[in-house]
Each structure stands twice: as C-alpha cells, then as structure tokens.
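The values are calculated or read from the model by the stated rules, or taken from the named source; none is laboratory data. Quick caveat: nothing in here was measured; it's all calculated off a predicted structure. As a convention, Cβ positions derive from the backbone with ideal geometry for all residues, glycine included, and neighbour counts pool all protein chains shown. Areas reflect the complete protein model, heavy atoms only, side chains present, ligands, DNA and RNA absent. Shrake-Rupley method; radii C 1.70, N 1.55, O 1.52, S 1.80 Å.
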Amino acid sequence: MNNKNLPQERREELFGILKTRFEKNMNRHQGIEWDKVQAKLAAKPEKLWSLNEMEETEGEPDVVGYEANTDEYIFFDCSAESPKGRRSLCYDREALEARKEYKPADSAIDMATEMGIELLTEDQYRMLQNLGKFDTKTSSWLLTPPDMRKLGGAIFGDFRFGRVFVYHNGVQSYYSARGFRGSLKV
C-alpha cells in the first residue's frame, strides 16, 4: 500500500482503541502519559498506519516503553497469542521461494516490512513476557541472528510450563499456531 494515511474516521477510531488499551494495561508503561503518545502519533501518520496494520491483524499493539535518548515510544504486539492475521508464515522471502510445494501465503519478514514494523528480537520477546503471559498456546517467530539464518535456521519463542522458551526451526517451516509479533518506535 502506497498511501500510508488513514481516513480521519479510522484515525479517531484507532486512537480510541489504543487509548482504551493503554489505560487498561498501565503496568506495561508506568510513567508514560497517553496525551504525549497520541501527539507523537498524530505527527507521524505513517506510524499510525503501521499501528493500524498491527491492529487489523489482531496484534493488539500497546506502548511498552520509552527511549529518552531518541524520544521514541515503543509499541509491541500484546495480544495474548501470536496475532491471528499473521500466522502460517515461513521466516523470510528466501525460505518462501525455496519451498517446492505447500507454500504459505507470505513470510514473516516480508509481512513485517510491508506493515512498517520489525519482528521482536529475543531480548524484546523476553521483555514482553515480563509484562504478562503471552503465547501460551501459540509461538512467534523472532528476529534471527544473521549467522544462524545463514545456516538455514530461525528462532521462535513461546511460554510453556511457567517459563519462556526460545528455540529453533528451519526457516521454510510454518505452522498454523506460529506467527510473529512486531515492534514499532514512534
């Protein structure tokens, strides 16, 4: 999509959704004021568009932090399970093209890029898991170190048996219960 501006009606609706989620989950962003977040978003329509994409794919984006040195708010997908609209994806374009049959519709990296977001890193995923229990029935692809990707592997995370697990899989694999979580800085 080339036009990254949302219609005014959708902007207002999305601000309402995000504000409600923000107020409902204050433990995720203590010390952060919604009015400042909204002002940043209003000034960056392309970021609001990306948040809308996260919302539309059932990621339930929410503020999880603030970087003072860059003056940016950090959003993560905070849906209880890996976003429904982003599952059954292999890791990246190369993996997708290498599949001979039963190709998934897309790859996690390509979809994230199209949405204007990034996959969570392992550290970000562990940070998210400190805010609640996520992926208790699903799993999420994580941004994989280049040396591991070069060898044909990628990492994913989930929460089982009271702890966070990060494990590996071949990049061409895809499962109906594995998607990806994104991050966005505004």
Convert each backbone phi in segment 88-98 into a coupling constant with the Karplus relation 6.51 cos²θ - 1.76 cosθ + 1.60 (shift: θ = phi - 60°), then list the ³J(HN,Hα) values in order as whole Hz, x for Gly and Pro. 6, 10, 7, 6, 9, 4, 4, 5, 4, 5, 6
Tell me, what HN-Hα J-couplings in whole Hz come from the Karplus equation 6.51 cos²θ - 1.76 cosθ + 1.60 at θ = phi - 60° for each residue of segment 105-119, using x for Gly and Pro? 5, 6, 10, 4, 5, 5, 5, 4, 4, 4, 7, x, 10, 10, 5
Going by the alpha-carbon gyration tensor, a ≥ b ≥ c the square roots of its eigenvalues, is segment 1-89 rounded (a/c under 1.5) or, if a/c is not under 1.5, prolate (a/b greater than b/c) versus oblate? oblate
Keeping all protein chains in place, calculate the accessible area per residue for segment 8-69 (probe 1.4 angstrom), answer in Å². 54 Å²
Starting from the coordinates of the alpha-carbon atoms of segment 34-186, obtain the Kirkwood hydrodynamic radius over all distinct pairs and give the value in Å to one decimal. 15.7 Å
With x for Gly and Pro, the residue-by-residue ³J(HN,Hα) of segment 120-137, computed from phi through the Karplus equation 6.51 cos²θ - 1.76 cosθ + 1.60 at θ = phi - 60° and given in whole Hz, is 5, 7, 4, 5, 5, 4, 5, 4, 4, 5, 6, 8, x, 10, 10, 6, 7, 10
Net charge near Glu55 (other residues with Cβ under 14 Å of its Cβ; Lys, Arg +1; Asp, Glu -1) is 0
So Val166 and Asp71, fully extended at 0.36 nm per residue minus their Cα-Cα distance, gain in nm 31.2 nm
Carbon plus sulfur fraction of accessible area for segment 76-151, probe 1.4 Å, in percent: 51 percent
Per 5 Å bin, what is the whole-percent P(r) computed from every C-alpha pair distance within segment 101-186? 3, 14, 25, 26, 20, 9, 3, 0
Order by protection proxy (mean Cβ within 10 Å, highest first), peptides 8-18, 153-163: 153-163, 8-18
Once you keep just the Cα pairs under 8 angstrom separated by 6 or more residues, what percentage relative contact order results for segment 1-140? 21 percent
Listed residue (Thr144, Phe75, Val164) projecting farthest to the positive dipole end of the chain, Cβ model: Val164
